[in-house]
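**Student:** Next up is a structure, given as structure tokens.
The values are calculated or read from the model by the stated rules, or taken from the named source; none is laboratory data. Only a predicted model underlies this, so the values are computations on that prediction, with no experimental measurement involved. For neighbour counting, all protein chains shown are included, and Cβ atoms are generated from backbone atoms with ideal geometry for every residue, glycine included. Accessible surface areas use protein heavy atoms only, side chains included; no ligands, DNA or RNA. Shrake-Rupley method; radii C 1.70, N 1.55, O 1.52, S 1.80 Å.
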Amino acid sequence: MKKQIAVVLALTTAATMLLAGCGGSKDSSSSSSSSSSSSSEAIQLLNGKPEIDAQMQELAKAYEEETGKAVEVLTIGGNETASSKLKELYQAGEMPDIFVLEANQFENWSGKLVDMSDQQWTEDTDVEYVNEEGTLGFPYMVEACGLAYNADILEKAGVDPTTLTSPEAYKEAFAVLDSKKDELGLKAVVGYNVNATDVGWSSGTHVFGQYLDAGLATDDTTYIDLLNDGGQLDSDRFTAFGEFIGLLNQYTDSDLITGSYDDQVLGFASGKYAFVTQGSWIGATLTGDDKDAYEAAGSFEVGFAPYAFEDGINTILNEPTSFWGCYKDGNVEDAEAFLQWCSEDTAQKMFVENMGFVSPYTDCAYTSDDPFAKPVTEWLAEGKHSTYHTFLKKDGLQDATSVIFQNYAKGQYSSAAEFTEAMQETITSYYANN
Amino acid sequence: MSGNSSKKILAPILLVVGVVSFIAALVIDFMELGYEFRGSLLIIGILGILLGLFTLPTEKYHRNIVNFVFLFPLLFTFGVTVIIPLILGIGYSFTDWDGIMVGNFVGFDNYVKAFQQPSFLYSILLTALFVVINMILVNLVAFLLALLCSSKMKGVGFFRATYFLPNLIGGIVLGYIWQFAFSKALLGLTEKLFDLNYSILSETKFAFWCIIIVYIWQYAGYIMLIYITGLNTVPREVLEASAIDGANAWSTLFQIKIPMIASTITICTFLTLTNAFKMFDVNLSLTGGNGSVQNFMGGSLTNGTEMLALNIYSTAINKNNYALGQAKAVLFFIILAVVSIVQVRVSNKKEVEM
């Protein structure tokens, strides 16, 4: 009996030791991120864009081939946010050395990020993230957001997109397109998706962002300051914006009130909408998932028109939507070396040609075959760009505002003034209660 | 004898080594010294303590020690995965934790704030309504299915399996399947029926019922199985006797079967109750908690279909307010604990009566 117990105990011990061994090995791999002592270990990068995971892995491989230093790319899943993933990793003591951050998240990590103002790459770009702690965000792409249009259809209908700089011009253009819907093969003039459940980020963050920034200089913070001061809206500007949204509601495809993002992009790729309320990021889908539809529709040219809800608005939002930050307690030296490499030739070629990004670096010599690369570069070159102050609004505000956008599309408000009133009430109570 | 004397030496050595390495491991971890062997050290320590206890040359406490040694793995796991997070969570709810750092101790601020939020109060009410409706409907549907599936028809096993199947699909997947059904497949029908030009999932009152339908579809099969088991325990003699006395199917059901399975009904009622409270995955994937509500406590809301669990999640994750979410989670825990304690009390009473 005793012997048997002894055997069992011995076996259990062995098993636990084995388990402990496994735990130990995991520990050692993760601690590579927290200890800065050895430079031969891989640096880790948290990538917030699941759609470019494969390309990022290639980028890491290219870096390893060139310098012999490994980079491990962690990519978030389609359904999680980078910020919650990052907090999870932080709690587990497995912080990556480089991670993705949106503009409003820098404050959360205050004191934990590296000031990179001494880096070479800062001289080649002017859209890096800077605050009072220094240069904290490395820009890796520029994304543009305006009213994307199908240039071929506009040309056929005789609408000149460069004239779309006032509400009146839009009214006329939409009416013309609407009257020629059948001959142009359109389902609706605009593909404006207001599904609050799945695409709430589009109306709540990007479309709303037009109210905050359209037509303004990049350093103009009038409306975001007003918003962050207890959730105030400028009622004149917002009512004008509301009128414009009303116009979109009038000419949109009603299926998109509860439709999916995929439906919206596919509709645009197939030439069923003349305009779509998405930004340059759909370019990758046009040449990727929706390739067949896009080719069948004649691989049309695309462009951006401004959200001209007031006369003379002629800018689109055209800046990085997220940045890479460096963790202070991580492997700073290697991380900075990697970021410097990312701003240089080999990596820029991969960013532009494989990932379809528009480069934020002035010395980048490559152009992407992404359909939106050309219009984005043109708008940038002409200097007609505003920034994404929309990412500085209170966390999660888009969940509330997107419902109001949807209500408006459903016809719950009879006028722009009512829409403005409802929006103002929702935002004020959001700021007061959260 | 020699065994005993060697034990006398071995036991204290093992105990001392165990305690020392256990404490050393904890110290290394708390001081963040970063030695990687601390995990192994902790386990060696625990094993040392256990072996030391086991070999203690005592007759009096030997049984207790053996009990402890065998219970230890479970208690340890329970402690690490349930008790410690619970205590930490309650602690965090009194601070301004943002998921990264604890800044200040704020007392009951988070709790006060939670109760001042109309959206949170709305979620509590909505969840209560959802629980009551579900408790009734799930049980009703499940009982009817059980009656059907306990008949002596051919192929009844197939039907049982079919009804049970939805329960095996994860809630998230299920939510997306039904989202497709409501916003694509059934779109034409519901648009005509309710005179809408969009999916019923975007109309708060309908969306709420959509969640209920999906939940019943998911859960009724499971409860049905319990009812079938209950119905099968009704003694054959009683049924035969009632048949001889001339009872028809209707009175057999109400006079014999239902009273005989009263305890099953209690169990099922509480199962559905606690589970409906914890509703999360279908809620998240079907509507995301969205929905416009006019005139609730003098204002309008945008979280018309958000149940309690989802409200906690979105407070912490989407609104980046971890401490407030944690406070709400503690309240949620209290509600569930009360319900569970009542459940245990009631079921115990029933058992005595039987």
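**Student:** Just to be sure I understand, how many residues within the range A:157-184 are open to solvent by 50 Å² or more (accessible area, probe 1.4 Å) and not in a helix (DSSP H, G or I)?
**Tutor:** Qualifying residue count for the region: 3.
**Student:** Looking only at the range B:18-61, which residues are more than 14 Å from chain A (Cβ to nearest Cβ), under 30 Å from A:GLY93 (Cα atoms), open to solvent by 40 Å² or more (accessible area, probe 1.4 Å) and touching a helix residue (DSSP H, G or I) at 6+ places or on another chain (Cβ under 8 Å)?
**Tutor:** B:VAL19, B:VAL20, B:ILE23, B:LEU26 - these are the residues of the range B:18-61 that are more than 14 Å from chain A (Cβ to nearest Cβ), under 30 Å from A:GLY93 (Cα atoms), open to solvent by 40 Å² or more (accessible area, probe 1.4 Å) and touching a helix residue (DSSP H, G or I) at 6+ places or on another chain (Cβ under 8 Å).
**Student:** Additional query: Can you tell me which residues in the range A:303-337 are among the hydrophobic types (A, V, I, L, M, F, W, C) and surrounded by 21 or more Cβ atoms within 10 Å (Cβ to Cβ)? Before the answer, list the steps.
**Tutor:** Let us first name the residues in the range A:303-337 that are among the hydrophobic types (A, V, I, L, M, F, W, C), namely A:304-305, A:308-309, A:313, A:316-317, A:323-324, A:326, A:332, A:335, A:337.
Those that are among the hydrophobic types (A, V, I, L, M, F, W, C) and surrounded by 21 or more Cβ atoms within 10 Å (Cβ to Cβ): A:PHE304, A:ALA305, A:ALA308, A:PHE309, A:ILE313, A:ILE316, A:LEU317, A:PHE323, A:TRP324, A:CYS326, A:ALA335.
**Student:** Then there's this: Is it fair to say A:TYR408 is more than 10 Å from chain B (Cβ to nearest Cβ) and either closer than 30 Å to A:SER299 by Cα or among the hydroxyl-bearing types (Ser, Thr, Tyr) (or both)? Full working, then the answer.
**Tutor:** Working: more than 10 Å from chain B (Cβ to nearest Cβ): yes; either closer than 30 Å to A:SER299 by Cα or among the hydroxyl-bearing types (Ser, Thr, Tyr) (or both): yes.
So A:TYR408 fits the description; yes.
**Student:** Here's another thing I want to ask about it. Out of the residues in the range A:390-402 that are under 18 Å from A:GLY242 (Cβ atoms) and in contact with a Leu (Cβ under 9 Å, 6 or more places away or on another chain), state the one that is farthest from the other protein chains (Cβ to nearest Cβ).
**Tutor:** A:THR390
**Student:** Something else now. Is there a residue being modelled with pLDDT of 60 or more, in contact with a Gly (Cβ under 8 Å, 6 or more places away or on another chain), away from every other protein chain (no Cβ under 14 Å) and assigned to a strand (DSSP E or B) anywhere in the range A:85-97?
**Tutor:** Looking for residues that are modelled with pLDDT of 60 or more, in contact with a Gly (Cβ under 8 Å, 6 or more places away or on another chain), away from every other protein chain (no Cβ under 14 Å) and assigned to a strand (DSSP E or B), one finds none in the range A:85-97, hence no.
**Student:** Select from the range A:411-425 the residues that are out of contact with any Asp or Glu (no Cβ under 8 Å at 6 or more places or on another chain), open to solvent by less than 40 Å² (accessible area, probe 1.4 Å) and away from chain B (no Cβ under 13 Å) and list them in ascending order.
**Tutor:** Matches in the range A:411-425: A:THR420 only.
**Student:** Any idea how many residues of the range B:233-264 are loosely packed, with under 11 Cβ neighbours inside 10 Å and touching a residue at least 40 places away in the same chain (Cβ under 8 Å)?
**Tutor:** Matching residues across the range B:233-264 total 0.
**Student:** I've got another one for you. Tell me which helices (runs of 4 or more DSSP H) are completely within the range B:237-354 and hold 2 or more residues being aromatic (Phe, Trp, Tyr) and in the same structural domain as B:PHE120 (by TED's automatic domain parsing), or say none if there are none.
**Tutor:** Correct list: B:262-277, B:322-353.
**Student:** Filter the range A:340-372 for residues that are modelled with pLDDT of 90 or more, farther than 19 Å from A:ASP124 by Cα and among the hydrophobic types (A, V, I, L, M, F, W, C) and give the result.
**Tutor:** Within the range A:340-372, just A:PHE372 meets the criteria.
**Student:** Give me a count of the residues in the range B:75-108 that are over 27 Å from A:LYS112 (Cα atoms) and within 14 Å of chain A (Cβ to nearest Cβ).
**Tutor:** Counting residues in the range B:75-108 that are over 27 Å from A:LYS112 (Cα atoms) and within 14 Å of chain A (Cβ to nearest Cβ) gives 4.
**Student:** Another question, then. Scan the range B:211-220 and tell me whether some residue there is under 27 Å from B:VAL293 (Cβ atoms), open to solvent by less than 50 Å² (accessible area, probe 1.4 Å) and within 14 Å of another protein chain (Cβ to nearest Cβ).
**Tutor:** The answer is yes, given that some residue of the range B:211-220 is under 27 Å from B:VAL293 (Cβ atoms), open to solvent by less than 50 Å² (accessible area, probe 1.4 Å) and within 14 Å of another protein chain (Cβ to nearest Cβ).
**Student:** B:LYS319 fails exactly one of the following numbered conditions: (1) open to solvent by 20 Å² or more (accessible area, probe 1.4 Å); (2) within 14 Å of another protein chain (Cβ to nearest Cβ); (3) out of contact with any Leu (no Cβ under 9 Å at 6 or more places or on another chain). What is the number of that condition?
**Tutor:** Only one criterion is unmet by B:LYS319, namely (3).
**Student:** Under 9 Å between Cβ atoms, at least 6 apart or on separate chains: pull out the pairs that start in the range A:108-125 with a residue that is more than 14 Å from chain B (Cβ to nearest Cβ) and end on any residue that is among the basic types (Lys, Arg) and surrounded by fewer than 19 Cβ atoms within 10 Å (Cβ to Cβ).
**Tutor:** A:VAL114/A:LYS328
**Student:** Is the range A:411-426 home to any residue that is under 24 Å from the mean Cα position of the chain (by Cα) and at pLDDT 95 or above?
**Tutor:** Filtering the range A:411-426 down to residues under 24 Å from the mean Cα position of the chain (by Cα) leaves A:423.
Among the residues that remain, those that are also at pLDDT 95 or above are: A:423.
Yes, because at least one residue in the range A:411-426 is under 24 Å from the mean Cα position of the chain (by Cα) and at pLDDT 95 or above.
**Student:** For the range A:122-154, enumerate the residues that are more than 16 Å from the chain's Cα centre (by Cα) and farther than 21 Å from A:LEU266 by Cα.
**Tutor:** Scanning the range A:122-154 gives A:THR122, A:GLU123, A:ASP124, A:THR125, A:ASP126, A:VAL130, A:ASN131, A:GLU132, A:GLU133, A:GLY134, A:THR135, A:LEU136.
**Student:** For the range B:1-17, what are the residues that are open to solvent by 40 Å² or more (accessible area, probe 1.4 Å) and within 21 Å of B:LEU71 (Cα to Cα)?
**Tutor:** Listed by number, the residues that qualify are B:LEU14, B:LEU15.
**Student:** Same structure, new question: From B:VAL82, B:VAL132, B:VAL138, which residue is within 30 Å of B:ALA220 (Cβ to Cβ) and not assigned by TED's automatic domain parsing to the domain that holds B:CYS268?
**Tutor:** B:VAL82
**Student:** Output the number of the condition that A:ILE313 fails; it satisfies all remaining conditions of (1) of a type in the set (A, V, I, L, M); (2) under 24 Å from A:GLN120 (Cβ atoms); (3) in the same structural domain as A:THR285 (by TED's automatic domain parsing).
**Tutor:** Unmet condition: (2).
**Student:** Filtering the range A:217-276 down to residues that are β-branched (Val, Ile, Thr) and open to solvent by 30 Å² or more (accessible area, probe 1.4 Å), which residue is nearest to A:ASP289 (Cα to Cα)?
**Tutor:** Only one residue tops the list, namely A:THR218.
**Student:** Return yes when B:GLY103 is in contact with an Asp or Glu (Cβ under 7 Å, 6 or more places away or on another chain), closer than 29 Å to B:LEU331 by Cβ, open to solvent by less than 70 Å² (accessible area, probe 1.4 Å) and not hydrophobic (A, V, I, L, M, F, W, C) and no when it is not. Let's see the steps before the verdict.
**Tutor:** Numbers: in contact with an Asp or Glu (Cβ under 7 Å, 6 or more places away or on another chain): yes; closer than 29 Å to B:LEU331 by Cβ: yes; open to solvent by less than 70 Å² (accessible area, probe 1.4 Å): yes; not hydrophobic (A, V, I, L, M, F, W, C): yes.
Against the criterion (in contact with an Asp or Glu (Cβ under 7 Å, 6 or more places away or on another chain), closer than 29 Å to B:LEU331 by Cβ, open to solvent by less than 70 Å² (accessible area, probe 1.4 Å) and not hydrophobic (A, V, I, L, M, F, W, C)), B:GLY103 qualifies.
**Student:** Are any residues in the range B:302-315 open to solvent by 20 Å² or more (accessible area, probe 1.4 Å) and within 11 Å of chain A (Cβ to nearest Cβ), and if so, which ones?
**Tutor:** B:THR302, B:TYR313
**Student:** Somewhere in the range B:135-155, is a residue open to solvent by 50 Å² or more (accessible area, probe 1.4 Å), of a type outside the set (Ser, Thr, Tyr), in contact (Cβ under 8 Å) with a residue 24 or more places away in the chain and in contact with a helix residue (DSSP H, G or I) (Cβ under 7 Å, 6 or more places away or on another chain)?
**Tutor:** Yes, the range B:135-155 has at least one match.
**Student:** To continue, here is another question. Quick one: how many residues across the range A:397-410 are modelled with pLDDT of 95 or more and charged (D, E, K, R)?
**Tutor:** Of the residues in that region, 0 qualify.
**Student:** Restricting to the range A:194-208, name every residue that is among the aromatic types (Phe, Trp, Tyr) and either at the interface with another protein chain (Cβ under 9 Å from one of its Cβ atoms) or in a loop (DSSP other than H, G, I, E, B) (or both).
**Tutor:** Hits for the range A:194-208: nothing passes.
**Student:** Right, another one. Tell me the helices (runs of 4 or more DSSP H) entirely within the range A:358-434 that contain at least 1 residues that are polar (S, T, N, Q) and in contact with a helix residue (DSSP H, G or I) (Cβ under 9 Å, 6 or more places away or on another chain).
**Tutor:** Answer list for the range A:358-434: A:397-410, A:416-433.
**Student:** From the list A:THR387, A:THR362, A:THR377, A:THR346, exactly one residue is surrounded by fewer than 19 Cβ atoms within 10 Å (Cβ to Cβ), in contact with a strand residue (DSSP E or B) (Cβ under 9 Å, 6 or more places away or on another chain), among the polar types (S, T, N, Q) and more than 11 Å from chain B (Cβ to nearest Cβ). Which is it? Can you show your working first?
**Tutor:** Details: A:THR387 fails: surrounded by fewer than 19 Cβ atoms within 10 Å (Cβ to Cβ); A:THR362 fails: in contact with a strand residue (DSSP E or B) (Cβ under 9 Å, 6 or more places away or on another chain); A:THR346 fails: in contact with a strand residue (DSSP E or B) (Cβ under 9 Å, 6 or more places away or on another chain).
Going through A:THR387, A:THR362, A:THR377, A:THR346 in turn, just one is surrounded by fewer than 19 Cβ atoms within 10 Å (Cβ to Cβ), in contact with a strand residue (DSSP E or B) (Cβ under 9 Å, 6 or more places away or on another chain), among the polar types (S, T, N, Q) and more than 11 Å from chain B (Cβ to nearest Cβ): A:THR377.
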